[in-house]
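Laboratory data are not the source of any read-out in this text; all were calculated from the coordinates shown. Bear in mind the structure is a predicted one, so any value in this text is a computation, not a measurement. Cβ placement follows ideal geometry from the backbone for every residue including glycine, while neighbour counts extend to all protein chains displayed.
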C-alpha cells in the first residue's frame with residue numbers, strides 16, 4: 001500500500017507567509033506529534049504523562065507494515081506539527097472489504113479555523129481510496145456543531161447510527 005499522499009496549502013492571508021502541509025509522518029516527527037498528542041489529551045481532560053504521548057507518537061510515526069496497522073497523516077505549519085488524523089483499518093466493511101475508521105482527528109488550538117481539519121479529512125479520503133479501502137467512516141459528538149459543519153463541508157453525509165462503548169470503568173461497575 002502506498003502512503004505517499006501529500007497535500008500542500010498556502011494560506012490566503014497575505015500578512016502570513018506560511019504553509020500548511022498534510023503528509024504521512026516520519027520518525028523525525030515523533031517529538032512534534034508527542035507534543036500534539038499531549039495537548040490533545042489535556043483538551044479532552046484526559047492528560048497523560050509525556051512518556052505515554054511519546055510512546056504513542058512513536059507508534060503513529062511508523063509506516064504501516066501489516067494489514068491492520070494504523071494509518072496516520074499529520075499537518076504541519078511552517079514545519080511544526082499542528083494536526084493529526086489517526087485511522088484504523090476496519091474489517092469486515094461494505095461487501096466484506098476493508099475500510100478506514102477515523103479514530104482521532106485533532107488540530108492544535110493555535111491552528112484552528114485555518115482549514116487544517118478540512119485538509120486532514122480530504123487527504124484521508126484521498127488516501128483511503130488511493131489505497132483500495134472501501135470507505136472512510138468516523139463519529140463525532142452530536143453537540144460538536146463546529147466539527148459537524150466542517151465534516152459536512154467536506155462532503156460527508158450523516159448516517160443514522162447509534163454508537164456504543166463499553167469502557168473498562170463500565171465493566172468494573
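Each of residue 26 and residue 168 was given a label point 7 Å from its Cα along the Cα-to-Cβ line. The distance between the two points is 3.6 nm. Ordered by the count of other Cβ atoms within 10 Å of each Cβ, fewest first, 27, 120, 159 give 159, 27, 120.
So what's the projected area for the range 95-173, the Cα convex hull averaged over all directions, in nm²? Provide the component values of the computation, followed by the final result.
On the way: hull surface 29.5 nm².
So the Cα hull casts an average projection of 7.4 nm².
Order by neighbour count: 20, 59, fewest other Cβ atoms within 10 Å first, most last. Intermediate values should be presented prior to the final figure.
Working: 20 21, 59 13.
The order, fewest Cβ neighbours first, is 59, 20.
Ignoring everything except DSSP H segments at least 4 long, calculate the 222 nm mean residue ellipticity for the chain; use -39,500 (n - 2.57) per segment, divide by total residues, nearest 500. Please list the in-between numbers first.
On the way: 5 runs with 54 residues, N = 173.
Counting only the DSSP helices, I get -9500 deg cm²/dmol.
If you wrap the Cα atoms of the range 8-132 in a convex hull and average its projected area over all directions, you get 8.3 nm².
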